[in-house]
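Structure first, commentary second.
Rule-based calculations on the coordinates, nothing more; no lab input. Since this is a predicted model, take the numbers as computed values, not measurements. Backbone-built Cβ (ideal geometry, glycine too); neighbour counts: all protein chains shown.
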Amino acid sequence: MSNRHTIILMQTSQHRATRTFMDYESISQAMDGICGLYERKLKELNPALRNITYDISDLYNFIDGLADMSALVYDHSIQAYLPYDRQWIKQRTLQHLKKLAH
């Protein structure tokens with residue numbers, strides 16, 4: 001699963017103009033990017049706090065609160081991108097954070 005180019009497609013609100021994408025060299029980097037996106041949002045909302053903590057349900061609420069989020073992951077065997085939904089992203093962020101915790 002490592003070194004699979006991953007594109008995260010997201011839309012932050014109902015407005016089509018908020019559609020954007022982020023691309024990463026691996027699934028792990030993409031999950032790290034999603035966590036970083038959430039952490040920046042938390043800092044934006046809580047500028048006075050030096051240390052911000054959150055749990056997985058907070059991250060899931062952030063992901064669910066977006067108008068849309070999905071992933072395209074490159075599969076070398078078929079030389080194409082495979083689509084994954086929001087639920088897959090949530091599972092992968094949990095796995096990613098568990099790895100970081102150990």
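Matching residues to (1) out of contact with any Lys or Arg (no Cβ under 8 Å at 6 or more places or on another chain); (2) charged (D, E, K, R):
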residue	(1), (2)
Phe21	yes, no
Met31	no, no
Arg50	yes, yes
Asn61	yes, no
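Quick grid of which residues meet (1) in contact with a helix residue (DSSP H, G or I) (Cβ under 7 Å, 6 or more places away or on another chain); (2) of a type in the set (Gly, Ala, Ser); (3) closer than 21 Å to Leu100 by Cα:
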| position | (1), (2), (3) |
| --- | --- |
| Ser13 | no, yes, no |
| Ala30 | no, yes, yes |
| Leu42 | no, no, yes |
| Leu49 | no, no, no |
| Phe62 | yes, no, yes |
| Leu66 | no, no, no |
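Can you go through Ile7, Ile34 and tell me which one is touching a residue at least 60 places away in the same chain (Cβ under 8 Å) and either on the phi > 0 side of the Ramachandran plot or of a type in the set (Val, Ile, Thr) (or both)?
Numbers: Ile34 fails: touching a residue at least 60 places away in the same chain (Cβ under 8 Å).
Criteria check complete, one pass: Ile7.
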